[in-house]
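The block underneath contains the structure these notes are about, expressed in structure tokens.
The values are calculated or read from the model by the stated rules, or taken from the named source; none is laboratory data. Keep in mind that this is a model prediction, so the values were computed, not measured. Here the Cβ is made from the backbone with ideal geometry for all residues, glycine too, and neighbour counts use every protein chain on show. Please note that ligands, DNA and RNA were not included when accessible areas were found on the heavy atoms of the full protein model with its side chains. Shrake-Rupley method; radii C 1.70, N 1.55, O 1.52, S 1.80 Å.
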Amino acid sequence: MNASAAAPTAADESTALARPAGKGCPPLVDPLAALRAPGDPPWDVYLTGTVFLDIIFTGLDSAPVRGTESWARGMGSSPGGVANMAAALARLGLKTSLAAAFGDDHYGDYCWDALAQGEGIDLTPSRRVPGWHSPVTVSMAYEGERTMVSHGHEPPPEEPAPDCPPRARAAVASLVPGTSAPWIAQAAAQGTRIFADVGWDDTGTWDLSALPDLRHCEAFLPNAEEAMRYTGTTCPRAAAHALTAHVPLAVVTLGEEGAYAVDRRTGETAEVPAIEVEALDPTGAGDVFVAGFVTGTLAGWRLADRLAFAGLVAALSVQEFGGSLSAPGWSEIATWWRKVRSLDDQDPAALERYAFLAGLVPEDCAQPWPLRRAVPTIGFGRSV
């Protein structure tokens, strides 16, 4: 699918963006509506991790030059870190619960309010930590890339994850080589489906046995380089097949080539090409991809549709600035779907790939593109 069809132009980065729909505003689409029943877990997805305050400078013509002052044409602020994933899931209509530590400074207040009130995310398992400075990341976006500087104090001694995680249909875990997180086994034991990603192995060992929690996971979603290093293969597709010896479902992201997945339980494989877009800021795109895949899996979609949806929402996200600021909701998805179907020269095969959206997206929920909805700068009143 070509770039012009896939991506209406992004917002001017200097534009002040409006706050997302607040707590109590129902999502435009509930992808699990047909599956909900009495006795279900209270949450669709559970997460735990570190929340950062992200400050994003946009509209830079180039990277800052040493010894000079650079002016940005725009700036935004939002919760980051694990909040990127939480916001992406919540905007896709999933009931999301987050366990995290929040400082009792203004940054912590801001992030707590943005997630609980702005995104409707459950923070019951989270806690406030007196005297702890909230971690901060400053991100500078230019030429489709980003440069980040982070600052944080030693984290609180207690784990933010509760001893017994709340019941949820699914949980998303970031695996750390050489480390086991007890909550993952606890969640899996009570029927929660675990979706895992992983960061770069700084030890250089790339040993799957150093990821002990992988045995509790239903799905593993590394990128191509990570997958090949962990499996000792030279082809990401071969790596995906090799990973299914350790986890039932392997999804390998291929960057500009899309994604490839193998389900050991059914023998099903799927590959979906990426949507060509002009990327303004890739921050959080991986989180959005995982959120889209989790949504489709919980909704019971076929594997190819899950991959296509995950790639779509990730592509929409990179056309906006910021992590949680850029995560799309159903209004953006509806607008994109209406736009690509209106083009006379659109490839019919490309449209067929996303035909599953026709039964999901109400025609009347599309809004003018792009939706202006980033949180306001700290210290200013809320915009509506």
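Pairing residues of region 43-66 that are open to solvent by 60 Å² or more (accessible area, probe 1.4 Å) with residues that are among the acidic types (Asp, Glu) and outside any loop (DSSP other than H, G, I, E, B), at Cβ distances under 9 Å and at least 6 apart in sequence or on separate chains, gives Trp43/Asp122.
Quick check on my filter: what residues within region 86-100 are open to solvent by 10 Å² or more (accessible area, probe 1.4 Å), touching a strand residue (DSSP E or B) at 6+ places or on another chain (Cβ under 8 Å) and not in a loop (DSSP other than H, G, I, E, B)? Selection gives Ala90 alone. In region 180-196, the residues that are of a type outside the set (Asp, Glu) reach residues that are open to solvent by 40 Å² or more (accessible area, probe 1.4 Å) and in a loop (DSSP other than H, G, I, E, B) with C-beta atoms within less than 7 angstrom, at least six apart or across chains, in these pairs: Gln186/Cys164; Gln190/Arg167.
Pro212 meets all of the listed conditions (1) more than 19 Å from the chain's Cα centre (by Cα); (2) over 26 Å from Asp44 (Cα atoms); (3) open to solvent by 10 Å² or more (accessible area, probe 1.4 Å) but one, namely (2). Inside region 254-271, can you point out the residues that are open to solvent by 40 Å² or more (accessible area, probe 1.4 Å) and within 23 Å of Arg302 (Cβ to Cβ)? Matches in region 254-271: Glu257, Arg264, Arg265, Thr266, Gly267, Glu268, Thr269, Glu271.
Return yes when Thr179 is open to solvent by 10 Å² or more (accessible area, probe 1.4 Å), farther than 30 Å from Leu35 by Cα and touching a Gly at 6+ places or on another chain (Cβ under 9 Å) and no when it is not. So Thr179 fails the test.
The one condition from (1) open to solvent by 70 Å² or more (accessible area, probe 1.4 Å); (2) part of a loop (DSSP other than H, G, I, E, B); (3) at pLDDT 95 or above that Trp206 does not meet is (1).
Within region 283-306, residues that are in contact (Cβ under 8 Å) with a residue 40 or more places away in the chain have Cβ atoms under 7 Å from residues that are among the basic types (Lys, Arg) and not in a helix (DSSP H, G or I) in these pairs: Thr283/Arg146; Leu298/Arg169, counting only partners at least 6 apart in sequence or on another chain.
In contact with a helix residue (DSSP H, G or I) (Cβ under 6 Å, 6 or more places away or on another chain) and at pLDDT below 90: is that true of Ala161 in this structure?
Yes: the conditions hold for Ala161.
Mind checking whether some residue in region 319-342 is surrounded by fewer than 24 Cβ atoms within 10 Å (Cβ to Cβ) and free of Cβ contacts under 8 Å to residues at least 24 places away in the same chain? Yes, some residue in region 319-342 is surrounded by fewer than 24 Cβ atoms within 10 Å (Cβ to Cβ) and free of Cβ contacts under 8 Å to residues at least 24 places away in the same chain.
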